[in-house]
1. Can you name the residue in region 112-150 that is in contact with a Leu (Cβ under 9 Å, 6 or more places away or on another chain) and exposed (fewer than 12 other Cβ atoms within 10 Å of the Cβ) and is also nearest to THR96 (Cα to Cα) among such residues?
2. Could you count how many residues in region 93-132 are part of a loop (DSSP other than H, G, I, E, B), over 16 Å from the mean Cα position of the chain (by Cα) and more than 23 Å from MET52 (Cβ to Cβ)?
3. Across region 36-53, which residue is surrounded by the most Cβ atoms within 10 Å (Cβ to Cβ) among those that are of a type outside the set (Lys, Arg) and within 18 Å of the chain's Cα centre (by Cα)?
4. Please go through (1) under 20 Å from the mean Cα position of the chain (by Cα); (2) open to solvent by 70 Å² or more (accessible area, probe 1.4 Å); (3) over 25 Å from ALA101 (Cα atoms) for LEU82 and return the number of the only condition it doesn't satisfy.
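The values are calculated or read from the model by the stated rules, or taken from the named source; none is laboratory data. Everything quoted here is computed from the prediction, not taken from an experiment. Here the Cβ positions follow ideal geometry from the backbone for every residue, glycine too, while neighbour counts run over all protein chains shown. SASA here: full protein model, heavy atoms, side chains in, ligands and nucleic acids out. Shrake-Rupley method; radii C 1.70, N 1.55, O 1.52, S 1.80 Å.
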Amino acid sequence: MEMKSHIPVIGQFPFHIQVNRAVLQNFFLECGARTHKMRVYQMTDNPVAREMIGYLLVRGGVHVVAYAKALEIATGVDITKLVPIPSLENKAFETTRKFEAEGVHRKLYTFSATDYKDVAMIWKGNHPGDGGKLEVIQGTPPGGPMPDLENVPEEFAPSLMRILWKLQRGCSVQQEYRQWIACRTFFSASFLSF
């Protein structure tokens, strides 16, 4: 007799395992991005570059902590104690200190006045580094106006169209590759004509 599960399954694994795996992958991606920022910071003496990288280190740290908190809530495991990761402290970088003094590392922006309200269920409590209160801010950080730009379908997901073609048409890799080349050639020609 086949047992039916109440857990939705998409692909090979139950949905909650896929979500936890995706959050874990994003946690490691943010740690890797942080490592690259640290390397660039150490490679330059340019004060403007160091100021910008200092800000990016602080804001990137927000994402690392957010993913770690999400994993801890979902699994009960403190990921920073489970696997070896680079230090998340910014004290070694002079230009990060002013941003941390302003509390930039404790603010998580939703970039929407109405969406992502549930993130407050994760981004709560105190920051693991300095013990300050974490804060979810509905909307955008202060600064210039946010333009309402037209949608550009492949701006941030260049391989998405290839995946969609393959899923929609059920075509072979060779067919998919030919379609991708044709599309790429068309777009290249379009851009050259401007």
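1. So, considering only residues that are in contact with a Leu (Cβ under 9 Å, 6 or more places away or on another chain) and exposed (fewer than 12 other Cβ atoms within 10 Å of the Cβ), the one nearest to THR96 (Cα to Cα) is ASN126.
2. Of all residues in region 93-132, those part of a loop (DSSP other than H, G, I, E, B) come to 93, 102-103, 110-116, 122-125, 127-132.
Restricting the remaining residues to those that are over 16 Å from the mean Cα position of the chain (by Cα) gives 93, 102-103, 112-115, 124-125, 127-132.
Those left that are additionally more than 23 Å from MET52 (Cβ to Cβ): 112-115, 124-125, 128, 131-132.
Selection size over region 93-132: 9.
3. The first filter runs over region 36-53 and keeps only residues of a type outside the set (Lys, Arg), leaving 36, 38, 40-49, 51-53.
With within 18 Å of the chain's Cα centre (by Cα) added as a condition, the list becomes 36, 38, 53.
Values: HIS36: 11, MET38: 18, ILE53: 24.
Among them, the one singled out is ILE53.
4. Among (1) under 20 Å from the mean Cα position of the chain (by Cα); (2) open to solvent by 70 Å² or more (accessible area, probe 1.4 Å); (3) over 25 Å from ALA101 (Cα atoms), the lone unmet condition for LEU82 is (1).
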